[in-house]
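Below: the structure, in structure tokens.
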Amino acid sequence: MILMFRLIVVLETKIHIYDISTMKILHTIDTVPNPKGICALAVSEENCYLAYPNSIEKGSIVIFDALTLQMFNVINAHKTPVSRLTINEAGTLMATCSAKGTVIRVYSLPDASRCYQFRRGSYFANLYCLAFSFDSSLLCVSSDTGTVHIFKIDQSSSVSTTAQRSSMSSYISDMWEGIPARSFALLKLPNPIENVCAINKTNTMVMIATADGYFYHYHMDPKLGGELKQSSETRYLKSKEDNAPHLVQGANPL
């Protein structure tokens, strides 16, 4: 991950922070085992926040300032290990998901308060990508189910205030998992293969690049949402099968 001032290199048990102007290591962070390199970096020059897992058993996340080189917060985001992280461009919001892949939570930065909560589905799923829109009004989520969900980030989907939450009984707090908002828009990919997703600057197009070389565009009405229709499909990579010679039926191989 690269910022104007910093280069972040994530290894299985360490994170190296480089000064990009001199390419010297400024700081090294010892981390819990992180073989998937789960990490997120804000590209903002003012809020240069780095987030990474703090536990292999629970969904604890460290928030680290990559400019001052100081850890300033730890968020207990989920009961199970974190599977995906992303931070918006301004460095003011962080989205997280656990290994269950059912609930996505959004926290404000730097205070680390939970402000939004969304439900992707009722069944477990492996999330491939979390991505904020440029204006942080939408959150795009893709998974191994082949469905891409788009959630709307506004006051109507905000969770209870701190005062309201503090007055809830522990039972209601545990049951709170069933309340998250559903997606504003969604689409179904032709093939549920690993992918990355993004939303264009005008919030009118969802773009997905898949591991098998396809690039999809889906048109989206930013006011209506709903089920999105594919507007274009381009293939940039060919598979081994495409490059292999094909035997014409009836012909004799040499």
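The values are calculated or read from the model by the stated rules, or taken from the named source; none is laboratory data. Just so you know, these numbers come straight off a predicted model, no measurement behind them. Every residue, glycine among them, receives a Cβ derived from its backbone with ideal geometry; neighbour counts consider all protein chains shown. What goes into the accessible areas is simple: the full protein's heavy atoms, side chains included, and nothing from ligands, DNA or RNA. Shrake-Rupley method; radii C 1.70, N 1.55, O 1.52, S 1.80 Å.
With a cut-off of 13 Å on the backbone N, the residues of segment 104-136 near the modelled label site 7 Å out from residue 36 along Cα-Cβ are 125-130.
The HN-Hα couplings worked out from phi for segment 206-216 by the Karplus form 6.51 cos²θ - 1.76 cosθ + 1.60 (θ = phi - 60°) are 9, 10, 10, 10, 9, 5, 8, x, 8, 10, 10 Hz, whole numbers, x standing for Gly and Pro. If a/c stays under 1.5 just call it rounded; otherwise compare a/b with b/c (prolate if a/b is bigger, oblate if not). Do that for segment 59-104, with a ≥ b ≥ c from the square roots of the Cα gyration tensor eigenvalues. Cα axes put segment 59-104 in the oblate bin. Go through segment 46-139 and name the GluC sites (Glu not before Pro) that are in a DSSP coil and have 13 or fewer other Cβ atoms within 10 Å of their Cβ. Qualifying residues, ordered by number: 46, 57.
Backbone amide hydrogens, once placed in the peptide plane, bring residue 27 within less than 5 Å of 17, excluding anything fewer than 5 places away on its chain. For 5, 151, 184, the ranking by accessible surface with the largest value first comes to 5, 184, 151, using a 1.4 Å probe.
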